[in-house]
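Working notes for the structure below.
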Amino acid sequence: MDYKRYIAEKIKIDGVSADEIYSSVTLPPDTQMGDFALPCFKFAKIFRKSPAVIAEELKSAFNVDKVITEVSAVNGYLNFKVNRYEFAKTVISEIENRKDKFGSSVVGNGKTICIDYSSVNIAKPFHIGHLSTTVIGGALYKLFKFLGYNVVGINHLGDYGTQFGKLICAYKHWGNKEEVESGGIHAINDLYVRFNNEADEDMQAEAREYFKLIESGDEEANALFEWFKALTMDYVNAIYKKLNITFDSYAGERFYSDKMQPVIDELEEKRLLETSEGAKIVDLEKFGMPPCLILRSDGASLYATRDLAAAIYRKNTYDFYKCLYVVAYQQNLHFKQVFKVLELMGKDWASDLVHVAYGMVSLEDGAMSTRKGKVVWLEDVISKCIDKAYIIINEKNPELENKKEIAEKVGLGAVIFGALYNNKIKDIVFSYDKVLSFEGETSVYVQYTCARANSVLSKSMTGGSLPENYEPNTAEFELVKQLAQFPEILAEAADKYEPSYIARFAVDLAQKFNKFYIDCKILAAEDEKSRQFRLSLTSATLQTLKNSLSILGIGVPDKM
Ligand code: ARG
């Protein structure tokens, strides 16, 4: 049962819908005030009365019952107390019934969401800068599925451009098959870096020729390109697998090679295209933006041209309800331009395109993704986290079985959670010590809490079953209230495209559980009713923690 809904439906305010009341009902942080509250400040304008008077009037009109047992008006708030037992029973039985589906819903049924994320660049390093797009996109992917949407994960591969001509040229001059085969993406990247450092005019000209050969479908050039692409994909797929990341489409920039001309024709037809210094542009001055470049003066298409074609293709293919682009805020202008051009073309769905922007990630020593010559590969960050996790776990609990497996879950969780915990737009400094702390606001803390809950449950032998008529104490009830909020947190996270809400929820829940764990004896409870109730609560908490982490792509070890 949804208590907020229950309350909202019992309150009648002329001219205010039950939905509006529903969205105003909150859970005050301080239970002293009430379990639920309705702030009346919003209604003051409508009624031209003070919030305090409105709260008083609403209170008089409210009939308490078996579910809502008390109502009071304090400082412009209408406060409600619920029957703790009834409330706990509803929440815990729902979790017991729905298990790993608890929190899921059908709101998204019949709607498709495209999520463009991770979007790797072929033959370029997959570095720490790709961490956020990969894990934020991956979490949104799982979240929207959980909420019943049909989700299309798209890896918009960076597989188009003159750099592939350069790469082929470098390979022809300096490379050999065995080295590239065994060195994989690192070997390819070395060749590319060497080209940029050493290529002379002749080689530059040669590279341009190779690029043309790829474009014109030359067999050898394309075979080389496909080989570089396969090596890159083998490499990133191994990382995706570890991070629990999946895609439904790998249609990258190159896929749109033959889909740009119709867009250019349409722009022309709609008189949006202008010539400026030989290039074709869409003027956006009226909107306070620089022009969107569509074709360079040599006739070559651009990143934006391919994004225009991609958006139209996606709309035609998937008929999306929303299309998200999980891309760093450095590309704010790019997406504003692309979305505006589509709007000018008369695509009414342009307003369904969303740039989900996120901040930069740097390491504590100041190393950044793009710093020349010093790229931090994501793979290295992951291995380092797993290694460090192993050392910590081994120190804490040397007797543990399967330490390797556990360290893997803990290390990977730390990498993911580290990139997800803050509001996505914030720049973050990634610190190994911080993300691997057992004490802080980390996945390790949450996983450790799960292990603790697990250990209690397995020691109990039987688990718990909800007793009749039990009056939960405050620590127990706080925990129940936190559990009850999970579905709503998911809805808010989806609404704001903020997986961090889920990460924060999990930490809060773990903290409330640990408070309960310290305050209340579980296995050695004072009576059997309390023991049963606490065991049920423990297993409901464990389930909810697991559900939260699983949406973020993080696994939970049984023991730690
Ligand atoms: N590959 C691009 C980059 O690394 C990101 C692509 C994002 N997606 C898009 N449709 N533009 O910057």
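No lab work stands behind these numbers, since they all come straight from the coordinates. Because the structure is a prediction, the values reported are computed rather than measured. Virtual Cβ from ideal backbone geometry, glycine too; neighbours counted across all protein chains shown.
Here are a few things to note about the model shown:
- Net charge dipole, segment 135-208: roughly 620 debye, given to the nearest 20, about the Cα centre with Cβ charges of +1 for Lys and Arg and -1 for Asp and Glu.
- Here segment 416-489 has an Rg and Dmax of 16.9, 50 Å, counting Cα atoms alone.
- Extension gain from Asp202 to Thr462, taking 0.36 nm per residue of separation minus the Cα-Cα distance: 85.9 nm
- The length gained by stretching the chain between Glu274 and Met1 to full extension, at 0.36 nm per residue less their Cα-Cα distance, is 92.4 nm.
- Where only C-alpha atoms are counted, convex hull volume of segment 258-395 per residue in Å³: 183 Å³
- The modelled label-to-label distance between Asn397 and Glu439, using points 7 Å beyond Cα along the C-beta direction, is 2.0 nm.
- Square roots of five times the Cα gyration tensor eigenvalues for segment 1-53, Å: 19, 15, 7
- Cα-Cα P(r), segment 112-266, percent of pairs per 5 Å interval: 2, 9, 16, 19, 17, 14, 11, 7, 4, 1, 0, 0
- Using a Förster distance of 45 Å, the FRET efficiency for Lys49-Leu333 (Cβ separation, nearest 0.05): 0.40
- Selected from Trp227, His173, Gln261, residue furthest toward positive end of dipole (segment 170-286; charges at beta carbon): Trp227
- Size descriptor, Kirkwood hydrodynamic radius, that averages inverse alpha-carbon separations across segment 510-560, Å: 12.0 Å
- When only alpha carbons of segment 300-459 are considered, Rg and Dmax amount to 21.3, 68 Å.
- Unpaired by the 4.7 Å Cβ criterion, cysteines found in the chain: Cys40, Cys169, Cys292, Cys385, Cys450, Cys520
- Net charge dipole size for the chain [Lys, Arg +1 and Asp, Glu -1 on Cβ; Debye, nearest 20]: 1620 debye
- Annotation: lysines with alpha-carbon distance below 19 angstrom to Lys559 (same-chain offsets under eight excluded): Lys388, Lys396, Lys403, Lys404, Lys409, Lys459, Lys546.
- Using the average count of surrounding beta-carbon atoms within 10 Å as a protection proxy, the listed peptides 190-196, 29-35, 66-72 rank, highest first, as 190-196, 66-72, 29-35.
- Taking each DSSP H run with n ≥ 4 as -39500 (n - 2.57) and averaging over every residue of the chain yields -17500 deg cm²/dmol at 222 nm.
- Three semi-axes describe the equivalent ellipsoid of the chain; taken as square roots of 5 times the Cα gyration tensor eigenvalues and ordered largest first, they are 51, 33, 17 Å.
- Tilt relative to the chain, helix 443-460 - C-alpha long axis, 0 to 90 degrees, to 10: 40 degrees
- Dipole of segment 1-116, positive direction: furthest Cα of Ile21, Thr69, Val82, with charges on the beta-carbon: Ile21
- Among the listed pairs Lys166/Lys384; Lys434/Lys512; Lys49/Lys424; Lys111/Lys336; Lys101/Lys496; Lys229/Lys270, those with a Cα-Cα distance over 31 Å are Lys166/Lys384; Lys49/Lys424; Lys229/Lys270.
- Kirkwood analysis of segment 1-100, using all unique Cα-Cα pairs, places the hydrodynamic radius at 14.1 Å.
- Relative to the Cα centre, the charge distribution of segment 324-415, modelled as +1 at Lys and Arg Cβ and -1 at Asp and Glu Cβ, gives a dipole magnitude of about 400 debye.
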